[in-house]
Structure formats: C-alpha cells, structure tokens
Amino acid sequence: MRIGIYDPYLDDLGGGEKYMIAIGICLAKDHRVTVFWDNKEDLEKLKERFLLDLSSINLAKNIFSSKFGFLKRILETRKYDAIIVLSDGSIPFSLSKKLFIHIQQPLGEFPINSFKSRIKLSRINAFFCNSQFTKSFIDKGYNVKSLVIYPPVEIFRKEVKKENIILHVGRFRVKNVKTEDYKKQSFMIEMFKRMVKNGLKNWSFVLAVSVSEKDREIFNALPEKTEGFPIKFLINHDNRKLWDIYNRSKIYWHASGFGEDLTKNPEYAEHFGISTVEAMGAGCVPVVINAGGQKEIVENGENGFLWDTEEELINRTFELVRNSKLREKLSYAAQERAKVFAGDRFCREIKEMIAK
C-alpha cells in the first residue's frame, strides 16, 4: 500500500508528533510511507529528540499546506491507498481509498448536520484517539465510535542505584496569553518547597523540560523561584539522557489540569501521559493528578497514587519518602503496569486498523 501521513504540528517536539512518526515507522516495514511536510530540518529535530530511525520514511511536499490549491490537493490524494491525518478539529477532503483521522485531545462539537460535513465524514474509515479520556469527547462531539490506540511507549529499565529524586518530565508551555505554564511546573516547584519547609531532607526535585524559543523568556523566571532549594532543571535533553534520570529517580510527579475547570476546558488535563508510563517503566512510583488520561494509567494504591488536592500530593509523597518497603512494592507494580502500554502493542493495533 501507498500510505501518506500528515501532522500539522511536526515543527513541535511533542508526544503527538512522536505518535504520528511512530505510525510511519511501523507501517513502513510493509508499505511505502510518505510524510507530507516541507521542512526536512523539522524531521531531523524529531529524529534527534526521540532517537528515531526515519530512514524508511519518504518526505513529500505538504499537500495540506495553504500553498496547495484545493483541486491539486485532492487529485494528489488519489495516488494514496490510505492517508492518516492528525486533526486539529478540521476534517480534510481526500480521495484516497482510505482515510483515518487521529485526534490527540478533547475537541468541541463538529458541525455534523451540514451537507459538506456529512460528505467529509462519509470518507473516513475510522477515527482513533490516544486515550479513553479523549475518546469520550470525540465520540460525543463527532457522533462517532472512535478507536483507542494508546501511544507507543519504549521502556529502557537499567539496574542502577536509585537516588532520592522526585522527577517531572514535560514540555514547558505557556497557557494561552497567560504567564501560567500548561504543565503546572510552577505549582509543583511550590509544592516541593513546601515539603522542604515541612521537614523533607536529602531529597531533590528534578524537572526535565523541553523549552521552545518562544517560551524561553517566561521559563527563565522559573529558576529564580528555586534559589536555596534542591531543585534542578534538565533542559531539552534527548531520550537517552532522559532515561538516565528516569532510572535514577524514585518518585514521579505530574500535575497537568490542577486548579482548572476541566468540565469547561478538558484540554488542560493530560490527554494520556507518556512520561508517566516511561517513569513507571523505570521503576519510579507515580504520584499524579486524578484527571485526564492519568486515571487510565495509574491504579490508585496498586502501582502508584492519584491525588486531587495539594494536601494529598504532599501526604502521599511523604508516605513514599518515609516508607521504603511501600515504595519498593509500588515500584515493582509500576514496572509491571507499564508493560501493558509497551512492546509491539502499538504497531500491531495500527496495522489492524489499516487492514480493515
């Protein structure tokens, strides 16, 4: 089969981009796969950031760019047996034999009653999402039954000595026009400082973050808030370096969505939580917010903890700090839980969807 892949955000080094490129790598084992994108350097950055082998994937002009005329675009799509698109809410016209739409986050309602919209939807073979959390919004908003294909997760567990590290991994991204960070790194810094003031000793907090140039100025204010506390930043590290800190850390924190009205703005919650699974796979015990896709990963009290309030975050973390037997028990269980999302599962499920 000849398969085309389009992600409008390939110039962003996020989990959605890794997801889409992973689809291409998987399918390229048996098919001719082409990614529609104009800037080859963006793929090189993805390759370096996630340590991906892109040698089997072809690159072609972005036919979904505004530079391409409508007629020329749809004629180009006829050359493909299947096209897979990461949607930002819009649905493209395509004359490919098959069309698959991937959605990474909760979106609003789609105007399914218009003639144009019904034509677009009739061409789609399947919608697929990254979590049950995302699916719940897409099915309702688009009046469809989407598939859930959890993101690909690689686990590189090494038997190295664990250190007294609480870890967070995530992009630093400013939320809308506010100065507040989307992943709540500022909030977690304050919570760790509070723990230190309440008696936490000989532990450090490490934030492994990726920072884009457009957010750099606001990010630079964060380190000023950590002076005098054992808090460290690892900035724009590739996966190899990230796995080193995963393997040395004991506890993992995630707080996306805290303090938000997730009924009104569900997109502020973590849509799945790849870094949480990676941390668990490395033996970190997750202490993560009880919201979004995190609830599908962590089974509270079985392989980590879910929290709703500041006090629960702090108390659960102190419990793990003070009770090494509990921490070791949950660490083992977290590693076993992470295996559910790893292995060849992702590739197998993508192939099954394409073959239908």
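The values are calculated or read from the model by the stated rules, or taken from the named source; none is laboratory data. The structure presented is a predicted model; accordingly, all values stated were derived computationally and were not measured. Glycine also receives a Cβ, built like all others from the backbone with ideal geometry; neighbour counts cover every protein chain displayed.
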Study note, to complete from the structure: By residue number, the members of the stretch 307-356 that are aromatic (Phe, Trp, Tyr) and more than 30 Å from residue 259 (Cβ to Cβ) are 332, 346
Point to revise | Checklist (1) polar (S, T, N, Q); (2) touching a residue at least 12 places away in the same chain (Cβ under 8 Å); (3) part of a loop (DSSP other than H, G, I, E, B) applied to residue 300, failing item | key: (2)
Review point. Only one of 246, 252, 268 is buried (at least 16 other Cβ atoms within 10 Å of the Cβ) and in contact with a Gly (Cβ under 6 Å, 6 or more places away or on another chain); which?
Key: 268
Practice item. Have a look at 110, 133, 100 and point out the one that is surrounded by 14 or more Cβ atoms within 10 Å (Cβ to Cβ) and either touching an Asp or Glu at 6+ places or on another chain (Cβ under 9 Å) or without any contact (Cβ under 8 Å) to a residue 24 or more places away in the chain (or both). Key: 133
Exercise for review: Scan the stretch 283-306 and give yes if some residue there is farther than 22 Å from residue 151 by Cβ and out of contact with any Asp or Glu (no Cβ under 9 Å at 6 or more places or on another chain), otherwise no.
Suggested key: yes
Practice item. Identify all residues within the stretch 201-221 that are within 19 Å of residue 248 (Cα to Cα) and of a type in the set (A, V, I, L, M); write none if there are none. Key: 206, 207, 208, 209
Study note, to complete from the structure: Of the residues in the stretch 54-79 that are hydroxyl-bearing (Ser, Thr, Tyr) and within 30 Å of residue 272 (Cα to Cα), the one that is surrounded by the fewest Cβ atoms within 10 Å (Cβ to Cβ) is 55
Practice item. Count, please, the residues in the stretch 268-303 that happen to be in contact with a Pro (Cβ under 7 Å, 6 or more places away or on another chain) and over 19 Å from residue 163 (Cβ atoms). Key: 4
Review point. Which residue out of 190, 224 is more than 26 Å from residue 45 (Cβ to Cβ), acidic (Asp, Glu) and modelled with pLDDT of 95 or more?
Key: 190
Exercise for review: Scan (1) within 15 Å of residue 284 (Cβ to Cβ); (2) assigned to a helix (DSSP H, G or I) for the single condition residue 325 breaks and write down its number.
Suggested key: (1)
Check your understanding: Could we say that residue 303 is touching a helix residue (DSSP H, G or I) at 6+ places or on another chain (Cβ under 9 Å), at positive phi and either surrounded by 19 or more Cβ atoms within 10 Å (Cβ to Cβ) or at pLDDT below 95 (or both) here?
Key -> no
Practice item. Tally the residues that are of a type in the set (S, T, N, Q) and in contact with a Gly (Cβ under 9 Å, 6 or more places away or on another chain), restricting the search to the stretch 291-310. Key: 1
Review point. For the stretch 215-229, which residues satisfy the criterion of being under 19 Å from residue 194 (Cα atoms) and surrounded by 11 or more Cβ atoms within 10 Å (Cβ to Cβ)?
Key: 222, 223, 225, 226, 229
Review point. Take the residues of the stretch 131-168 that are part of a loop (DSSP other than H, G, I, E, B) and of a type in the set (Asp, Glu): which is nearest to residue 320 (Cα to Cα)?
Key: 163
**Study point:** All positions within the stretch 304-325 that are farther than 14 Å from residue 164 by Cβ and charged (D, E, K, R)
**Key:** 308, 310, 311, 312, 316, 319, 325
**Study point:** Selection count where residues are of a type in the set (Ser, Thr, Tyr), at pLDDT 90 or above and over 23 Å from the mean Cα position of the chain (by Cα), scope the stretch 120-161
**Key:** 0
